[in-house]
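The values are calculated or read from the model by the stated rules, or taken from the named source; none is laboratory data. Owing to the predicted nature of the structure, the values given are computational and were not obtained by experimental measurement. Don't worry about glycine lacking a Cβ; one is built from the backbone with ideal geometry, like all the others, and counts go over all protein chains shown. Each accessible area value is taken on the protein alone, full model and side chains, heavy atoms only, with ligands, DNA and RNA left out. Shrake-Rupley method; radii C 1.70, N 1.55, O 1.52, S 1.80 Å.
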Amino acid sequence: MLPYFDPEYENFSQRINPPRVCIDNSTCSDCTLVKVDSMNKNGILLEVVQVLSDLDLAISKAYITSDGGWFMDVFHVVDKQGQKVTDEKTIQHIEKALGPESNLLGGAKGSSSPGRSVGMHSIGDHTAIELKGPDRTGLLSEVFAVLAELGCNVLAAEAWMHRARVACVVYVNDAASGQAIDDARKLSRIEHRLRHVLRGHTGGGGAAAAVRDDDGCRPVAHTNFFSAAGGSNTHADRRLHQLMHADVEADLDGGGGEAEEDRPVVSVEHCEEKDYSVVNVKCRDRSKLLFDIVCTLTDMQYVVSHASVSSDGTYGMQELYIRGKDGGTLEKDEADRVIKCLEAAISRRVSEGFTLELCGRDRVGLLSDVTRVLREHGLTVTRADVTTVGEQAINVFYVRDASGQPVDMKTIEGLRVQIGQTVMLNVKSVPSSSSSSAAAAAKSPGQTPSSAALSRTSFFSFGSLFAKLRA
């Protein structure tokens, strides 16, 4: 007779040793310490960093160890204003997401809600649409125009444009019913129109389609649909990395397209003593840098066992000890591949030009109108982040002149006049790599390195406007 095996045995250690999180505002004078310890599992580091990144917390320093069966991390973080994390809602969100009642280890407390969350806000019932294809001026405007014309209300969206490619995840519902779109004929019409916009032409139907370029290697256009209840619940930023990662894999020998001073310095060495591959990264510090690095390594099937993260206020430095899931270290060709993929992942979120922050009452067609105005003024969008909080739309567009020239201030004033009539508009200049970061920090002698770096690289700083919406 076979011995009895309790199906709950695997969860026993998890129940007696649940995840623990401590929010420490007393140890350091200039930052908050977030201490997490838990049983180890594959991907847990990415989940923790994802929670902190979704709250726009800047990580100025971190100590990570997850060798063996236990996971222990300490993160030094500040909020968007470069201050300690004191907002009670934010602290409660971290404790709920990473503490004993969380789903950090999976399965113990039930699955998380299928609804997409933006920071601490849920967008409810929706259909997710994934798009990938060649980038061109005005593409985003055409995509949003098609969705508005077909009666789709955009609840949230994220779009990245990098190396002449675009990847976008859009969360929509039916404008008439407010529910996810489940009508097969309507989905087919949306897919057909979007594939046409992306210049994908095939005779094949179905919920997912891709067209390949002349060499048959790189997908030219790709569309995919998921419902909130039954589809992919992958984090949006992670999914964008995955969509663009395939292009890096198809073109590992291609040029980076970034200026030499912008390019991150990535190296991979072998640690004989501990039998690890050591990944060293040095680049300009910015928001969500650690997330982008950990996300890329995780999706490439590497495990980060130890890591140290620091910032001098201008540059961020990461040292990560990794192995493959099989326990092996990286061969020469694997190391070269990791370097190329990390360089691309880090560069995707680097933007120059202007940031347009818009806030106004949400309505069907708002994004179509705004992006059309940008196109008419000769501006191309390099990144977009769209969220909806209640009835308010909060949109961030990173734009530059389509010709590559500096944006004329007359153009900016024209945008203020045309767009500012219906929504609140804030325009910010994104510091270029040629500007002196150290000089900027020197102008504020009382500012800490972590807050100085944040003030230069905070991509989603709405200040009191966003705080009022959350209150």
key: Local electrostatic count, R363, Cβ distance below 13 Å [Lys/Arg +1, Asp/Glu -1]   = -2
message = Can you tell me the length gained on complete extension of the stretch M72 to E273, counting 0.36 nm per residue apart and subtracting the Cα distance?
response = 70.1 nm
remark   = Rounded to one decimal in nm, the spacing of the 7 Å Cα→Cβ label points at S177 and Q81 is 4.4 nm
message = Multiplying the sequence separation of S308 and Q418 by 0.36 nm and subtracting their Cα-Cα distance, what value in nm do you get?
response = 34.9 nm
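Round to the nearest 0.05 the FRET efficiency obtained for K410 and R199 when R0 = 25 Å and r is the Cβ-Cβ distance.
With R0 = 25 Å, the Cβ-Cβ based efficiency is 0.15.
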request  = Between I91 and K186, with labels modelled 7 Å along Cα→Cβ, what's the label distance in nm to one decimal, could you check?
outcome  = 4.4 nm
inquiry  = Please list 3J(HN,Hα) in residue order for segment 407-420, calculated via the Karplus relation 6.51 cos²θ - 1.76 cosθ + 1.60 where θ = phi - 60°; whole Hz, with x for glycine and proline.
reply    = 6, 5, 4, 5, 5, 4, 5, x, 5, 4, 5, 7, 7, x
query = Gain in length, E334 to Q301, computed as 0.36 nm per residue apart minus the alpha-carbon separation, to one decimal in nm?
reply = 10.7 nm
remark   = Too long for a 25 Å Cα-Cα cut-off, among K84/K325; K35/K340; K35/K96; K96/K428, are K84/K325; K35/K340; K96/K428
key: Listed residues W160, W70 arranged by accessible area, highest first, probe 1.4 Å   = W70, W160
Exposure of S29 as accessible area (Å², to 10), given a probe of 1.4 Å and all protein chains = 110 Å²
request  = Counting only heavy atoms of the protein chains, get the accessible area per residue of segment 37-88 (1.4 Å probe) and round it to a whole Å² value.
outcome  = 38 Å²
